[in-house]
1. Could you tell me whether the stretch 222-243 includes any residue that is more than 23 Å from residue 127 (Cα to Cα) and among the aliphatic types (A, V, I, L, M)?
2. Going by the conditions given, is residue 128 closer than 26 Å to residue 249 by Cα, in the same structural domain as residue 262 (by TED's automatic domain parsing) and part of a strand (DSSP E or B)?
3. Inside the stretch 122-150, can you point out the residues that are of a type in the set (Lys, Arg) and out of contact with any strand residue (DSSP E or B) (no Cβ under 8 Å at 6 or more places or on another chain)?
4. Take the residues of the stretch 239-263 that are at pLDDT 95 or above and of a type outside the set (D, E, K, R): which is surrounded by the fewest Cβ atoms within 10 Å (Cβ to Cβ)?
5. Scan the stretch 228-238 residue by residue and report those that are surrounded by fewer than 19 Cβ atoms within 10 Å (Cβ to Cβ) and either outside any loop (DSSP other than H, G, I, E, B) or modelled with pLDDT of 95 or more (or both).
6. Applying the selection to the stretch 86-103, what residues are of a type outside the set (S, T, N, Q) and exposed (fewer than 15 other Cβ atoms within 10 Å of the Cβ)?
7. Which of the residues that make up the stretch 36-75 are assigned to a helix (DSSP H, G or I) and more than 24 Å from the chain's Cα centre (by Cα)?
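The values are calculated or read from the model by the stated rules, or taken from the named source; none is laboratory data. A quick note: this is a predicted structure, and the numbers were derived from the prediction, not measured. No Cβ is skipped: glycine too gets one built from the backbone with ideal geometry, and neighbour counts run over all protein chains shown.
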Amino acid sequence: MVPPDVMAEPTGGSAVEAVDCEALHFAAAETEQAEGAAARLRHRFGDVGPEAARVIIALGGDGQMLETLHRYIDRKVPIFGMNCGSVGFLMNEYREDDLPRRLGAAQRVTIHPLRMTAVTAGGSEQARAINEVSLLRETRQAAKLRITIDRIERLPELICDGAMVATAAGSTAYNLSAHGPIIPVGADILALTPISAFRPRRWRGALLPSTATIRFDVLEAGKRPVSAVADYTEVRDVQSVTVREDRSVEMTLLFDPEHNLEERILKEQFEI
């Protein structure tokens with residue numbers, strides 16, 4: 001997944017001009033493999049904690065990377081992931097011996113999350129998403145959604161299981177499973193993807209500029225309740241949901257030059 005929400009911009013250059021491996025924090029998933037790796041790395045390099053760290057090392061799979069990005073979203077510290085899980089699209093290969101060299105040579109990717117504003121009968125709630133914002137039916141009844149882009153109604157009624165807005169980093173996660181497009185890094189595009197569309201049956205979604213504001217209005221909300229999910233923040237029984245990219249928030253991912261995010265997204269499009 002993702003990998004994190006989000007458009008991404010490769011900025012080039014090394015991650016940190018002078019890598020201080022005594023200024024690292026290791027954030028491990030709650031698995032035996034990841035926690036064992038964290039213990040070895042802390043013994044070797046120390047761990048100054050997240051507040052003092054200059055680089056955070058996420059250990060696990062893409063779920064751990066997503067959780068680490070959310071947890072330290074306001075720290076503005078580069079995050080370098082190493083795969084100790086089953087899915088590692090956003091993670092680098094796990095190796096211990098050459099960690100200082102890899103951090104010094106790593107390439108930066110700056111990503112921006114989506115901001116979701118969900119309105120219910122009781123008020124409104126905001127949340128950030130690094131992968132996608134999804135609207136999902138809550139019962140056996142299909143959802144009915146009206147879609148407006150930048151205050152222009154584009155689809156008066158979509159009957160479906162749901163719909164989502166995905167970032168470039170998230171385009172290979174749930175979006176891809178719903179047959180949405182893979183978005184190259186730096187394309188400044190968001191994917192609007194239906195989930196099991198019934199009417200209009202042939203509508204496959206849309207590619208939108210990253211500056212777009214997308215609004216979903218839930219039609220017949222009492223009969224056909226819908227929940228909204230920003231990564232793992234869920235708001236139930238929504239009446240409307242607005243999604244836009246939040247350019248005020250920047251997060252930095254670090255990748256080995258030979259295994260960078262842009263190349264992985266490009267390669268994914270040719271997998272059979």
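1. The answer is no, given that none of the residues of the stretch 222-243 is more than 23 Å from residue 127 (Cα to Cα) and among the aliphatic types (A, V, I, L, M).
2. Answer is no for this residue.
3. Of the stretch 122-150, the ones of a type in the set (Lys, Arg) are 128, 137, 140, 144, 146.
Within the stretch 122-150, just 140 meets the criteria.
4. Filtering first and then ranking leaves 239.
5. Within the stretch 228-238, the first condition is being surrounded by fewer than 19 Cβ atoms within 10 Å (Cβ to Cβ), and the residues that meet it are 232-234, 236-237.
Within the stretch 228-238, 233, 234, 236, 237 meet the criteria.
6. Passing the criteria: 93, 95, 96, 97, 98, 100, 101.
7. Listed by number, the residues that qualify are 36, 37, 39, 40, 41, 42, 43, 44, 45.
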